[in-house]
Amino acid sequence: MKEYTGPEADYYDYCFVGLEGDMQFYVEEAQKAGSPVLELGCGTGRILLPIAKSGATIVGLDRAPTMLALLRQKLTKLSPDVQGRVSLLEGDMRDFDLTERFPLAIIPYRAFLHLLTAKAQRQALTCIREHLTDEGRLIFNVFDPDLEVIAAHLGPLGSAQKKDSEFIDPTSGHRIVVWATTQYDPEQQLIEQYFIFEELDADGDMLARTYRPLTLRYVHRYEMRYLLELCGYKVEALYGDFQRGPFRAGGEQVWVARRA
Ligand SMILES: C[S@@+](CC[C@H](N)C(=O)[O-])C[C@H]1O[C@@H](n2cnc3c(N)ncnc32)[C@H](O)[C@@H]1O
């Protein structure tokens, strides 16, 4: 698996900075639900660590060892109290087995879209449900497909390469420029992206150029709702943002579902 390895993991915290208000939203939901919380696809801890700092106990599961290693490094710099509230596991959200049951499971920052088939989506939702308490909730967000964006990214070549972000690598002091290309496959509901990381020296000469693929499967609003119902959940809310505003086509799908 090439996803979330190498520069994509090392630079994750600089390139993938989250969505407006998402961290606060998930911390509030963790406070409301009580401990322990289960995060699927916890990555480098962008959401997990603030939840642990807020006083909740949290189990983080991720299939990428590189991301978990970065999270473990961050944890070592935190107080023993916070460290004691965090457990980390390498695993796949489609198939894991924990003895604990959780009042809240979360899948922030569109990690659910890494499940590339309907079977994988159902496996994950079923496995997560088995880990919820009777009244437990699953809260997660995915983007809502924007028809105009899809139409603009069809065809074998996809979009032109566009600059995505730029930052200084604190370890090397080198400038990192990130480019991305995107191609939509509407038959399979797949988005195939390439992230290209360029490492430049002080004169602007390129020291390294690395390609990293990222494939996501987008889900439509009612597809997601029926998937949840099929897998034994009752939908409590669909918000359009992390301020709990109304759902809008082409925006974000923020789902709150309870074990039925
Ligand atoms: C977009 S990142 C989100 C990380 C973190 N939750 C955040 O908000 O920054 C997606 C994460 O999901 C993980 N992931 C993808 N598919 C997974 C799966 N089937 N099981 C567990 N983790 C998975 C990736 O390794 C990656 O760390």
Considering every residue within the range 228-243, establish whether at least one is among the polar types (S, T, N, Q), under 19 Å from Ala152 (Cβ atoms) and open to solvent by 50 Å² or more (accessible area, probe 1.4 Å). no
For Glu8, which of the numbered conditions (1) near the ligand (Cβ under 8 Å from one of its atoms); (2) within 26 Å of Arg175 (Cα to Cα); (3) open to solvent by less than 10 Å² (accessible area, probe 1.4 Å) fails to hold? (1)
Residue identified as closer than 29 Å to Tyr239 by Cα and exposed (fewer than 15 other Cβ atoms within 10 Å of the Cβ) among Gly41, Gly45, Gly18, Gly84: Gly18
Whether any residue in the range 38-46 is on the phi < 0 side of the Ramachandran plot, more than 8 Å from the ligand (Cβ to nearest atom) and not hydrophobic (A, V, I, L, M, F, W, C) is what I want to check. no
Selection within the range 47-68 - within 12 Å of the ligand (Cβ to nearest atom) and part of a helix (DSSP H, G or I): Leu48, Leu49, Pro50, Ile51, Pro65, Thr66, Met67, Leu68
Just for the range 52-81: of the residues that are touching a Leu at 6+ places or on another chain (Cβ under 9 Å) and open to solvent by 60 Å² or more (accessible area, probe 1.4 Å), which one is farthest from Glu39 (Cα to Cα)? Lys74
The residue from Val142, Val177 that alone is in contact (Cβ under 8 Å) with a residue 60 or more places away in the chain and either closer than 22 Å to Phe195 by Cα or assigned by TED's automatic domain parsing to the domain that holds Asp95 (or both) is Val142
Considering every residue within the range 24-33, establish whether at least one is under 21 Å from Trp255 (Cα atoms), in contact with a Leu (Cβ under 9 Å, 6 or more places away or on another chain), outside any helix (DSSP H, G or I) and away from the ligand (no atom under 12 Å from the Cβ). no
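Residue-wise test of (1) in the same structural domain as Ile107 (by TED's automatic domain parsing); (2) in contact with a strand residue (DSSP E or B) (Cβ under 6 Å, 6 or more places away or on another chain); (3) free of Cβ contacts under 8 Å to residues at least 12 places away in the same chain; (4) aliphatic (A, V, I, L, M).
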{"residue": "Phe16", "(1), (2), (3), (4)": "yes, no, no, no"}
{"residue": "Leu19", "(1), (2), (3), (4)": "yes, no, no, yes"}
{"residue": "Gly34", "(1), (2), (3), (4)": "yes, yes, no, no"}
{"residue": "Ile51", "(1), (2), (3), (4)": "yes, yes, no, yes"}
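The values are calculated or read from the model by the stated rules, or taken from the named source; none is laboratory data. Note that the structure is a prediction, hence the values are computed from the model and not measured. Using ideal geometry, Cβ is built from the backbone for each residue, glycine included, and neighbour counts are taken over all protein chains shown. Areas reflect the complete protein model, heavy atoms only, side chains present, ligands, DNA and RNA absent. Shrake-Rupley method; radii C 1.70, N 1.55, O 1.52, S 1.80 Å.
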